[in-house]
Amino acid sequence: MKIIHSINKLQKELRRGRKKGLPVGFVPTMGFLHEGHLSLIRRARKENKVIVVSIFVNPAQFGPNEDYKKYPRDLRKDAALCKKEGVDYIFYPAVKAMYPEGYSTYVKVEGLTENLCGKYRPAHFRGVTTVVSKLFNIVRPDTAYFGQKDAQQAIVIRRMAEDLNMGIRIKVMPTAREKDGLAMSSRNAYLSPDGRSAAPTVYRALQLAGDLIKSGSRDAAKIKSGMRKMLSAAADKIDYISIVNPEDLKDVKKIKGKVLVAVAAWIGGMRLIDNIEVKA
Ligand code: AMP
């Protein structure tokens with residue numbers, strides 16, 4: 001496994017494999033890897049010959065008052081984990097390499113970025129789609145792997161790849177969870193002890209919605225109000241509890257077919273997001 005900082009050097013390395021027609025699998029991350037990331041890497045390993053994992057805490061996707069500076073980082077541990085999983089290249093660029101002086105180009109997906117997290121983190125998805133486009137252009141993978149944990153992100157990226165004819169297969173893997181249901185996240189490391197014990201309530205509220213829908217409830221407002229009751233007891237603040245159509249991410253009133261139930265809430269000083277897909 002090689003850890004590569006330079007864009008040119010990575011491209012040069014990858015050219016070799018591409019010439020031989022070896023399929024390239026790509027897992028973009030912000031590092032501080034956990035089982036969720038590893039499940040993506042394992043799938044990529046199974047389906048490709050060359051595996052690239054990028055580790056880049058992307059300043060463009062953090063708001064001015066968000067946790068860019070204190071986002072957890074541990075390249076040494078990440079490298080050990082990647083090596084164990086048979087990763088070929090870790091791409092670890094510097095911010096200056098990705099956004100040099102004079103950088104001025106941004107990619108924005110409209111519509112899909114307006115609801116859910118887009119409402120509360122106005123520049124977030126523009127930052128995500130910009131960096132992922134750059135990474136896709138650098139790595140030029142056959143398949144890129146994303147997590148259902150960030151459902152809106154995966155939907156936005158799939159749209160972008162299709163709209164811009166990127167010719168990259170986007171695969172979305174299920175959310176990896178702790179035993180108590182909490183969705184794994186690098187940020188969980190920063191939960192206070194009380195926050196950590198309260199955090200599984202997010203998934204419990206989602207499960208409540210799932211159970212209600214499965215047992216015939218169709219009124220989204222009623223379901224959300226039940227979830228809110230449960231979550232308010234654990235969360236310091238709720239950004240949103242939403243039931244949306246997974247195609248266009250618009251709120252649904254009456255549940256029909258497949259819906260995405262999604263939550264963002266502040267617990268123990270951290271903003272947690274989670275979601276489930278439910279079929280009525
Ligand atoms: P991040 O490092 O948080 O930007 O995540 C990198 C990739 O891993 C994204 O595609 C995430 O959706 C995915 N991911 C993060 N947490 C999980 C999880 N608990 N289960 C599955 N995938 C995840």
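The values are calculated or read from the model by the stated rules, or taken from the named source; none is laboratory data. What you are looking at is a predicted structure, and each value in this text was computed from that prediction instead of being measured. Please note: Cβ atoms are built from the backbone with ideal geometry, for glycine as well, and neighbour counts cover all protein chains shown. Heads up: the accessible areas ignore ligands, DNA and RNA and are worked out on the full protein's heavy atoms, side chains in. Shrake-Rupley method; radii C 1.70, N 1.55, O 1.52, S 1.80 Å.
Only residues that are within 14 Å of the ligand (Cβ to nearest atom) and exposed (fewer than 15 other Cβ atoms within 10 Å of the Cβ) were counted in segment 76-90, giving 1.
If you take the residues of segment 35-51 that are hydrophobic (A, V, I, L, M, F, W, C) and touching a residue at least 40 places away in the same chain (Cβ under 8 Å), which of them is farthest from the ligand (Cβ to nearest atom)? Filtering segment 35-51 for residues that are hydrophobic (A, V, I, L, M, F, W, C) and touching a residue at least 40 places away in the same chain (Cβ under 8 Å), the one farthest from the ligand (Cβ to nearest atom) comes out as Ala44. Hey, among the residues in segment 1-34 that are under 27 Å from Thr175 (Cβ atoms) and away from the ligand (no atom under 16 Å from the Cβ), which one's most open to solvent (accessible area, probe 1.4 Å)? Restricting to residues being under 27 Å from Thr175 (Cβ atoms) and away from the ligand (no atom under 16 Å from the Cβ), the top hit is Met1. Hey, does segment 116-126 have a residue that's touching a residue at least 40 places away in the same chain (Cβ under 8 Å), away from the ligand (no atom under 16 Å from the Cβ) and among the hydroxyl-bearing types (Ser, Thr, Tyr)? The answer is yes, given that some residue of segment 116-126 is touching a residue at least 40 places away in the same chain (Cβ under 8 Å), away from the ligand (no atom under 16 Å from the Cβ) and among the hydroxyl-bearing types (Ser, Thr, Tyr). Restricted to segment 98-119, and to residues there that are of a type in the set (A, V, I, L, M, F, W, C) and in contact with a Ser or Thr (Cβ under 7 Å, 6 or more places away or on another chain), the residue that is most open to solvent (accessible area, probe 1.4 Å) is Val107. Looking across segment 232-267, just one residue is without any contact (Cβ under 8 Å) to a residue 60 or more places away in the chain and of a type in the set (Ser, Thr, Tyr), and that is Ser232.
Suppose the filter is open to solvent by 40 Å² or more (accessible area, probe 1.4 Å) and closer than 26 Å to Met230 by Cβ; does Pro122 pass it? Here the answer is no, as Pro122 does not meet what is asked. Can you confirm whether Asn65 is at negative phi, within 9 Å of the ligand (Cβ to nearest atom) and out of contact with any strand residue (DSSP E or B) (no Cβ under 6 Å at 6 or more places or on another chain)? No, not satisfied.
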